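The values are calculated or read from the model by the stated rules, or taken from the named source; none is laboratory data. None of the values given here were measured: they were computed from a predicted structure. All Cβ positions, glycine included, derive from the backbone under ideal geometry; neighbour counts span all protein chains shown. Note: areas computed on protein heavy atoms with side chains; ligands, DNA, RNA excluded. Shrake-Rupley method; radii C 1.70, N 1.55, O 1.52, S 1.80 Å.
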Amino acid sequence: VVSGAVYGLVIRLNGSTGGTDIVAAWVHKWHPEVSLVWLIFGLNASVAVLSFFVYGYQFEPVILCLLYCYLSSRISDSILKGGKRALKFEVITQHPEELADKLLKELRHGVTVIPAEGMFSKTPKYLLICVVNRHQIVRFQNILRAFPDTFAYMSDVNETLGNFKHIA
């Protein structure tokens, strides 16, 4: 846990601990879409697997090393992503006022409404967008159950910027 936290902070500050970090940073420069932390994990895991052949065909040290690499990478990834993770719900409905009112009152988060049209039915609909905290998923889903003719999906938001506060 401590190693993962330190590792995450070092990477966040554009530092390096040497070793596979340098190779991973070089690969990340050419492929920025790949997560640096998980690239480092892949390289470290490869070294751990190769150590099986070098150090007498012992499984236990390899498995423990892989477990260590995974846990430290998971913690580092959490530190790099920060505490600003959230969920974005996009809801298609014909009841925007009622649904938005419930979301505002019960979840205390803002709602954006965009006019939309159903291409199959050619009926006017509305797209509601609401970003909520992870612990509010169940409450959001319970609110949606009161509107059976709605369609909704959620997606992960890695970082929120700006005013992402509860409405008082």
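When you scan the stretch 110-139, how many residues do you find that are open to solvent by 70 Å² or more (accessible area, probe 1.4 Å) and of a type in the set (Gly, Ala, Ser)? The number of residues fulfilling the criteria is 0.
Okay, residues lined up against (1) more than 30 Å from residue 128 (Cα to Cα); (2) in a helix (DSSP H, G or I); (3) in contact with a Gly (Cβ under 6 Å, 6 or more places away or on another chain); (4) open to solvent by 30 Å² or more (accessible area, probe 1.4 Å):
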{"position": "3", "(1), (2), (3), (4)": "yes, yes, no, yes"}
{"position": "18", "(1), (2), (3), (4)": "yes, no, no, no"}
{"position": "38", "(1), (2), (3), (4)": "yes, yes, no, yes"}
{"position": "44", "(1), (2), (3), (4)": "yes, yes, no, yes"}
{"position": "47", "(1), (2), (3), (4)": "yes, yes, no, yes"}
{"position": "60", "(1), (2), (3), (4)": "yes, yes, no, yes"}
{"position": "64", "(1), (2), (3), (4)": "yes, yes, no, yes"}
{"position": "69", "(1), (2), (3), (4)": "yes, yes, no, no"}
{"position": "87", "(1), (2), (3), (4)": "no, no, no, no"}
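Considering the stretch 89-109, the residues that are in contact with a Phe, Trp or Tyr (Cβ under 9 Å, 6 or more places away or on another chain) and not in a helix (DSSP H, G or I) include one that is surrounded by the most Cβ atoms within 10 Å (Cβ to Cβ), namely 91.
Residues considered: 27, 34, 10. Of these, the only one that is under 24 Å from the mean Cα position of the chain (by Cα) and assigned to a loop (DSSP other than H, G, I, E, B) is 34. Filtered by the rule that a residue be open to solvent by less than 40 Å² (accessible area, probe 1.4 Å) and closer than 22 Å to residue 138 by Cβ, the stretch 71-85 gives no residues. Applying the criterion of being assigned to a loop (DSSP other than H, G, I, E, B) and of a type in the set (D, E, K, R) to the residues of the stretch 126-168, the residue that is modelled with the highest pLDDT is 149.
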